[in-house]
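Each remark here refers to the structure printed beneath this line.
What follows is calculated from the coordinates using simple rules that are stated; it is not laboratory data. Bear in mind the structure is a predicted one, so any value in this text is a computation, not a measurement. Positions of Cβ are backbone-derived with ideal geometry, glycine not excepted, and every protein chain shown enters the neighbour counts.
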Amino acid sequence: MSERQSTQGPWRVEADTLPEMAYDHYRHTLIHETDSIKAYLAPKHQERTILVAPKGYGKTLLLIAKKKSVLEARSGQIVLAENRFIDRPLGIFPVIKREMLEILASDYEFWKSLWKISLSLSAIKAFARATRERLNDPDLAAHVWYHRITADDQKYFEAGEIFTDLLGQDYKFIINIIAHSNIVFPHFNRINTQIIFFIDNVDEYFRPVLEDRSAGTSGRQSLYRNRSNAVWSLAQIALASAAYELEKANHHIKIYCTIRHEAFLRMPEVENDAFQISGRCTKIEYTRDDLENIFLKNIDITPKDRLVASDGPDAMARFVGEANTLVEHRFVSRPESIFDYFLRNTLYRPRDLMFIGGEVVKINPKDRSAQAIRAAVDAATKMIAESIFGEMRPFFAVPNRELLFKRIETNVLTAEQLAEITNAYLGELGYGSVGDAEGDLGRPFSVLHKLGLLGTVRPEFGSQGRRLQYFLQPTEIRINSDPELPLSEHYLIHPALDQSIYERSAGKYTRGYDTRNIIGNQLEWEDPISYSFVLKGDMVGYSHIMNSELYEVVTRKLYEWAREICQDLIFVDISGGDSILMIDSSSDRIVDCAQQLVKRARDFREQPMKIRFGGAAGPIAFAHTRRMHNGSWDAVSVPLGLALRTSALLEPLAPHSCALVEEKFFEFSNRRAVRHDMDGAAVNLDQLSGKFMVPVSKSDLPNIDYDRDDRKFVVRKNHLDPPYRTRLWRIDLG
């Protein structure tokens, strides 16, 4: 392998013809052959002529490889139906009036006729050129369009070129051309030399006609161009159908072409021979191991001066350095292989991996540190996510990312959280509810799920208790699928969206990031243990107030303050007029509420008061029960958990205007507080609010039993109560 050849192939996001590269080298360096791809490239099996895949799966690359294999295996025995290496419709898609577009969007036979005429004329001209015969047909000469196409010895050899010329004619004239197409097919049937077509990028040519269904653009059209997704789909399906029919009519004709997965799914709706045509299709699909092999192939052909190490058996170590073959997750205390890190940040398309690899290889090998690689991946995945939104905008009501992402504060959400975010999002868009928005516009998370950007948690088939994360793969995306989200206890934000959400959520996204599970398709799911923070507060000296005329006023004030200050907490309850119980998943939020309550009580003009708190953390469950109130049974939620008992034990020991908290409160708060943001910098969330926990010594609480060996306080209600050993911290709230 020459150095020149080795530098031409790696990290290609768009396929190139590479005409100077021999097929054997092209095939073995650039292509990973699954069983279906191997069958497609095999010279003896030519019945599968149609490549089907989503965008970014390498259809063009394989079509080029097929042509190279045909050229080298059968040189001199075939006639190619084009001058260019791969035939593509070129030029500007014509402007079509709305009324006419509506007709064409429902007339499948129109598009089949255009392709059959274009392919037949291209084959006839290729045969005439190969046999050095002129087309002396008076019927062809008598028709102005057929004569112009067949008589031109410089142009109109490719089917794509003929097709675009035909489509650019006046509609009535096109109908006239179709009506006279019977003059073409006798010439087509006389072809007795192998003629092969290679046609690509029909989807790209018809891209200007695609709609825009994204949020905020419904019904909006270009000032001059009308749009129809149906036209985009029908033009591709019609090519596959025309190829099938022409190959059946003349076995000397072979037509290799590509079709987008989204269009292929519509074939049964319009084509009677959809089943037979599917039998001629090769559907490109890749497993996780296939994608890794594709990535490693590209490392092997990367110039040595762009590798960290030029030699060694481990390709990934050569690419990123031995120290970076394992990656530490930002939030989960578990390493993962560098390739798994790359892969789960993609949409599982080869093109995405090529883009990431290309961004990493741009980093100077001497500077290819873990931080530099992470920054490159963050930038690349942001582009990958934006690309899928752009590509799928014609088919789905792609949400307004600015309005939606700023409300997402965690990468693992419940159905209730999705509903809450959706309602706020729709309100800002101007809709009162989901029902007011048309179609998927009112279901932004359903759209993310359909695009493979919102995952679910599923039980693994055949196992007991094991659950896996699941994101729709590109080949599983269905345009006309159920608008409702599948049922799941947890909904997972795809890592490719992390950077975009982090930037739009003012950093809140990383504070709620799941610290137990690495998010990625087919990774095992471990249910996060939900630790809640509990603060039990009490008025100091409240018995004196109970004997005064301010008793009712003070009691009412505590309710008012709690209702105003604690509305964002998970649970708040006031009992006895002087006691408050607060529960929340955020230590920062619950301490902030306690701080405000202390200030309100201290500044209460009629009767300044002092409040103290005991704090603990641990799993909290809520039992739903009923209680009698004013003659009727009201539904209530009752919290259950050891943290409630511990906070109640600590509250009487706390100094006024302080919270006395045990070690789990400190540890879980600290674990949540110290993290790395998306830029890699360490952030202490508690410091953001100016709250500090001060360790408590034996001298601070001389009347409490203390175990000097363990350096822990022994807290209990009485000597009959089991002891609870813990270190203690004080939070000053006043």
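Odds and ends about this structure:
- Protection proxy ranking for 390-400, 718-728, using the average of other Cβ atoms within 10 Å per residue and placing the highest first: 390-400, 718-728.
- Degrees, to the nearest 10: 229-249 long Cα axis against longest axis of the chain: 40 degrees
- Divided by 2.2 N^0.38 Å, where N counts the residues, the Cα radius of gyration of the stretch 288-392 comes to 1.03.
- Flagged links, alpha-carbon separation over 28 Å, of Lys59/Lys450; Lys97/Lys450; Lys59/Lys97: Lys97/Lys450; Lys59/Lys97
- Unit charges on C-beta of K, R, D, E only; dipole of the chain, Debye: 580 debye
- Convex hull volume per residue for the stretch 274-324, taking Cα atoms only, in Å³: 107 Å³
- Alpha-carbon Rg with Dmax, taken over the stretch 597-642, Å: 16.9, 39
- The stretch 554-663 shape via C-alpha gyration tensor axes, a/c threshold 1.5: oblate
- For the stretch 288-392, a crude dipole built from +1 on the beta carbon of Lys and Arg and -1 on the beta carbon of Asp and Glu, taken about the Cα centre, is about 220 debye to the nearest 20.
- Cα-based convex hull volume of the chain per residue, rounded to whole Å³: 221 Å³
- Lysine pair count for the stretch 288-392 [Cα-Cα under 21 Å; pairs on different chains or 8 or more apart]: 4
- Rounded FRET efficiency, nearest 0.05, which uses the C-beta distance separating Glu438 from Asp139 and R0 of 56 Å: 0.60
- Shape call, the stretch 117-207: gyration tensor on alpha carbons, a/c limit 1.5: oblate
- Selection from Gly614, Asn400, Pro486 lying farthest towards where the dipole of the chain points positive, charges on Cβ: Asn400
- Between helix 587-602 and the chain: long-axis angle, C-alpha atoms, 0 to 90°, nearest 10: 40 degrees
- The simple spin-label model puts a point 7 Å past each Cα toward its Cβ; for Glu328 and Glu524 those points are separated by 2.4 nm.
- Between Asn364 and Ala424, the distance separating the two model label sites (each 7 Å from Cα on the Cα→Cβ line) works out to 4.4 nm.
- Taking every DSSP helix (H) stretch of at least 4 residues in the chain, weighting each as -39,500 (n - 2.57) and dividing the sum by the residue count yields a mean residue ellipticity at 222 nm of -11500 deg cm²/dmol.
- Summed side-chain charge close to Val457 - residues other than Val457 whose Cβ falls under 14 Å, Lys, Arg +1, Asp, Glu -1: -2
- Spatially proximal lysines relative to Lys698 (Cα-Cα < 25 Å; intrachain offsets below 8 disregarded): Lys536, Lys610, Lys664, Lys712, Lys717
- Nearest 10 degrees, 0 to 90: helix 288-300 Cα axis against the chain principal axis: 70 degrees
- Per-q log10 I(q)/I(0), the stretch 401-511, q = 0.13, 0.22, 0.24 Å⁻¹ (Debye; single scatterer per alpha-carbon; no solvent): -0.51, -1.32, -1.46
- Pairs exceeding 23 Å between alpha-carbon atoms, taken from Lys66/Lys283; Lys67/Lys254; Lys55/Lys125: Lys55/Lys125.
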